[in-house]
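Beneath this line is the structure, given in structure tokens, with notes to follow.
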Amino acid sequence: MSRSASWACRPSRPSDFQRTFDIWRSAVVATHDFLSAEDFAAIEEMVATHYLPQAELWIAADADDVALGFMGMTGAQIDSLFVHADAHGRGVGRALVAHAAALHPVLTVDVNEQNASGAGFYARLGFATVGRSPVDDDGRPYPLLHLRRT
């Protein structure tokens, strides 16, 4: 478990499920206004029933062990990184990326091109665009930027 000034980064537990879902929903509502209502509903269902129940996540939790954000990884690829909207701008995402970099010095991540705040966040942390896909992983019309940080 790594610790910052105001939160710890720890592995997820089954009891984190509802909070991680709340974090995901709050973050997506705040940053993904480009999603159609139908796509949001379909993605929300997939996240709630398939992704979060089985994902091994890193949790950024406050001093009371309340999760503020989470990150999923496959090797050096950041698969997901979401911070509760109420905690945006407090360094939670930065701490999660720092934790990932401690595990894997060279990191990759995909971000929706329309998610300007997400793309800006990764750019501020030294990620550079190394590719682009015209659709997301499910073939929806949401282009992805493929980023890498060395």
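Note on the stretch 1-119: no enclosed strands (runs of 3 or more DSSP E) hold 2 or more residues that are open to solvent by 70 Å² or more (accessible area, probe 1.4 Å). Remark: pairs (first residue in the stretch 98-125, touching a residue at least 24 places away in the same chain (Cβ under 8 Å) and polar (S, T, N, Q); second residue open to solvent by 70 Å² or more (accessible area, probe 1.4 Å) and assigned to a helix (DSSP H, G or I); Cβ separation under 9 Å; 6+ apart in sequence or on different chains) are absent.
Within the stretch 122-150, the set of residues being within 18 Å of residue 76 (Cβ to Cβ) and outside any loop (DSSP other than H, G, I, E, B) comprises 122, 128, 129, 130, 131, 144, 145, 146, 147, 148, 149.
Scanning the stretch 6-65 for residues that are hydroxyl-bearing (Ser, Thr, Tyr) and touching a His at 6+ places or on another chain (Cβ under 8 Å) yields one hit, 26.
Residues being in contact (Cβ under 8 Å) with a residue 40 or more places away in the chain and among the hydrophobic types (A, V, I, L, M, F, W, C): count how many of those fall in the stretch 15-42.
8
For the stretch 120-150, what are the residues that are charged (D, E, K, R) and either loosely packed, with under 11 Cβ neighbours inside 10 Å or over 14 Å from residue 34 (Cβ atoms) (or both)? Passing the criteria: 124, 132, 137, 138, 148, 149.
For the stretch 43-97, the set of residues classified as among the β-branched types (Val, Ile, Thr), without any contact (Cβ under 8 Å) to a residue 40 or more places away in the chain and in contact with a helix residue (DSSP H, G or I) (Cβ under 7 Å, 6 or more places away or on another chain) consists of 47, 78, listed by residue number.
All conditions but one from (1) among the aliphatic types (A, V, I, L, M); (2) over 23 Å from residue 54 (Cβ atoms); (3) at pLDDT 95 or above apply to residue 116; the one that does not is (3).
The values are calculated or read from the model by the stated rules, or taken from the named source; none is laboratory data. This structure is a prediction, so every number in the text was calculated from the model and none was measured. Note that each Cβ is placed from the backbone with ideal geometry, even for glycine, and that neighbours are counted across all protein chains shown. The protein model used for the area step is the full one, side chains on, heavy atoms only, and it has no ligands, DNA or RNA in it. Shrake-Rupley method; radii C 1.70, N 1.55, O 1.52, S 1.80 Å.
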